[in-house]
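Heads up, the thing below is written out as structure tokens.
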């Protein structure tokens, strides 16, 4: 499978969408370098999404990817939220925050027909999803634009499900990957496989193209992925220190320090990999008290804002993959070229 030709790009290198640490500038830079840039949309309002899409379209005429979450918003659970705020109580007291005054609400919006209304005029070449696929009518609408649909799988069962329900390609997300796990057929983290185990299993299990994700940071890891039979690679952590990324100074400092990572649910309610910090040590990394995704976000956000104003990243989700030590930084074009150099020509 010639993934690059299929996607209309030069190199079989996809930039992972990274909500909160990037916008259109990073996506456009990757596109101009011959990869597939991605615009993460889960944290954007409809107007922000429209503005970002317009800016991206103006910055490049190359194919690009727009990424969405397709979780279901949970029903409000006042008792669970009260237990979570009580657990955070000592930190609230230190920060002088009144937890009873905090608003309750989601921190991520799922893909919907209203969001599709914003995206449809731009007709992106690729649309990717995290946490499964949208309901059939929405999926059919996206495909009617001519978009290729990709989604993340963290197990062989999820990969087979995605193929059976209309995904055109599968992104096999190994356990090493930073950010949210794409798991959607269950919430047991013991089912999650490392990249070198997951990739070849998924390649054998499905007929659609498989894209390797999780630990892809340089030419050597790209060569390893190619050797295991995938059609291309997706990298996120490799781009976190790029000039075009919106990664904050505190997040950049944590990446350069090179500390350990862990899966945690304390920031959003779903397992995600980040650099270990105070919040993860005090309440997790995996807490049974964390409310369902994405409701946990609202309780942690005031602590994050308070700490960051003091130069402290103890309550910040420092998303990063396990292989984040020694990142080169520089331009997104240089990172894309370095990754592409590992793919045999």
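Checked against (1) in a helix (DSSP H, G or I); (2) at pLDDT below 95; (3) surrounded by 12 or more Cβ atoms within 10 Å (Cβ to Cβ), residue 106 meets all criteria but (1). The set of residues from segment 248-267 being outside any helix (DSSP H, G or I) and either modelled with pLDDT under 95 or farther than 25 Å from residue 81 by Cβ (or both) comprises 248, 258, 259, 260, 261.
Do we have residue 324 as touching a helix residue (DSSP H, G or I) at 6+ places or on another chain (Cβ under 9 Å) and either in a loop (DSSP other than H, G, I, E, B) or modelled with pLDDT of 95 or more (or both) here?
In short, yes.
Residue 119 is checked against (1) assigned by TED's automatic domain parsing to the domain that holds residue 51; (2) free of Cβ contacts under 8 Å to residues at least 12 places away in the same chain and fails just one. What number does that condition carry? The failed condition is (2).
The criterion of at least 1 residues that are outside the structural domain of residue 207 (by TED's automatic domain parsing) and either on the phi > 0 side of the Ramachandran plot or surrounded by fewer than 16 Cβ atoms within 10 Å (Cβ to Cβ) (or both) is met, among helices (runs of 4 or more DSSP H) falling completely within segment 1-99, by 78-87, 89-95.
Checked against the criteria, residue 127 counts as closer than 21 Å to residue 28 by Cα, surrounded by 20 or more Cβ atoms within 10 Å (Cβ to Cβ) and either in the same structural domain as residue 266 (by TED's automatic domain parsing) or in contact with a helix residue (DSSP H, G or I) (Cβ under 6 Å, 6 or more places away or on another chain) (or both). Among residues that are buried (at least 20 other Cβ atoms within 10 Å of the Cβ), modelled with pLDDT of 95 or more and not assigned by TED's automatic domain parsing to the domain that holds residue 233, residue 315 is included.
The residues of segment 239-297 that are surrounded by fewer than 16 Cβ atoms within 10 Å (Cβ to Cβ), under 23 Å from residue 154 (Cβ atoms) and in contact with a strand residue (DSSP E or B) (Cβ under 9 Å, 6 or more places away or on another chain), listed by number, are 260, 286. Of the residues making up segment 149-162, not a single one is over 23 Å from residue 229 (Cα atoms), assigned by TED's automatic domain parsing to the domain that holds residue 224 and out of contact with any helix residue (DSSP H, G or I) (no Cβ under 8 Å at 6 or more places or on another chain).
The values are calculated or read from the model by the stated rules, or taken from the named source; none is laboratory data. Please read all numbers here as calculations on a predicted model, not as lab measurements. Using ideal geometry, Cβ is built from the backbone for each residue, glycine included, and neighbour counts are taken over all protein chains shown.
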